[in-house]
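A.B. asks: Dropping the structure in here first, questions after.
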Amino acid sequence: MDNFWITKQLGGGSFGTVFEAQHQPTGEIVAVKYLRETFSSFEQCLNLPEVQSLSKLRHPNIVQLKDVIFENDSAFLVFEYMQSSLLDLMMKRRTKFTEEEVRSLCFQMFQGLAYMHRNGYFHRDLKPANVLVKDGGRVVKIADLGSAKEIDSPPPYTDYVTTRPYRAPEVLLRSGLYGPKVDMWAMGAIIAELFSFRPLFPGESADDQMFKICSVIGSPTWESWPEGQLLAQNLNYQFPKIGGVGLSAMIPSASRSAIQLISSLCSWDPSARPTAAEALRHPFFIGNYKIPRAIPLRQSNILPASNSLIFA
């Protein structure tokens, strides 16, 4: 880390701390994530889910991992620098997004997700805090792939993924067989939040989360989601019998096509949710944007250091 000058702290959590830093040989501004976990070898650092996934994913709407550094039993992940998170952007805005702004933000997220899913990974922790932006939201990149999973990895999967307001119902019901459609549920919740600036399903516990979902979209039935009813039976859980106020009542500023997209993404049955590629073809987006190509692998301008590996 001798080549990096830490300029300020950007954030942190149980995983570690993120700093803004300058690479002294080049002057490039980057983000450095210091991980609290101790490591016994450089190879152990390279086996982290975030490193494994980002070393293979190169797309304009997925944050770029530039370097991995191992020093004194510690790991540092070096990323391209982004100005803020989507959550920060919402908190600092004095006015809500226009529908055109929501469309642009979400289209970029779906592009990143479609590429990610097509290349064998799903995120599992999508939320506004894990989406990075710059230029006021004109550039959007999915980040924080610490919970990312390979789609073809053998189940069961842990049920403690995704921050609660964005957690799909099959995960709340402790299914071990979920897949990329959990990302699509999260996208539905995020789109709604971009319109209203408040979480669509702000549950304070797993049970309260399920109640909040039912109160908005209505409780599932055996006909609409038989697999969910079986999962609930295994937990001795009973869905509340309520009809739901409807998405239009929760986000009245959203257009009909936006409500239709959110409704399909927040379907109880995962198989009824569109894929990311299908979402890009939804009428909410048609005719507005072109899909850019994935970023080709290229040499980074950060020079390798001892126990360091360059991916970009």
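A.B. asks: Just for the stretch 114-133: of the residues that are among the aliphatic types (A, V, I, L, M) and more than 15 Å from Glu50 (Cα to Cα), which one is surrounded by the fewest Cβ atoms within 10 Å (Cβ to Cβ)?
C.D. replies: It comes out as Ala129.
A.B. asks: So, one more: Select the helices (runs of 4 or more DSSP H) contained entirely in the stretch 168-230, then report the ones holding at least 1 residues which are in contact (Cβ under 8 Å) with a residue 60 or more places away in the chain.
C.D. replies: Qualifying helices (runs of 4 or more DSSP H): 169-172, 181-196.
Quick grid of which residues meet (1) of a type outside the set (Ser, Thr, Tyr); (2) under 25 Å from Tyr178 (Cα atoms); (3) within 21 Å of the chain's Cα centre (by Cα); (4) surrounded by fewer than 20 Cβ atoms within 10 Å (Cβ to Cβ):
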position: Gly218; (1), (2), (3), (4): yes, yes, no, yes
position: Trp222; (1), (2), (3), (4): yes, yes, no, yes
position: Gly243; (1), (2), (3), (4): yes, no, no, yes
position: Ala254; (1), (2), (3), (4): yes, no, no, no
position: Leu265; (1), (2), (3), (4): yes, yes, yes, no
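A.B. asks: Restricting attention to the stretch 6-18, does a residue exist that is small (Gly, Ala, Ser) and either over 20 Å from the mean Cα position of the chain (by Cα) or in the same structural domain as Phe107 (by TED's automatic domain parsing) (or both)?
C.D. replies: No: zero hits.
A.B. asks: So how many residues does the stretch 52-106 have that are in a strand (DSSP E or B), surrounded by 22 or more Cβ atoms within 10 Å (Cβ to Cβ) and not hydrophobic (A, V, I, L, M, F, W, C)?
C.D. replies: Of the residues in that region, 2 qualify.
The values are calculated or read from the model by the stated rules, or taken from the named source; none is laboratory data. Small disclaimer: the values here were computed from a predicted structure and weren't measured. Don't worry about glycine lacking a Cβ; one is built from the backbone with ideal geometry, like all the others, and counts go over all protein chains shown.
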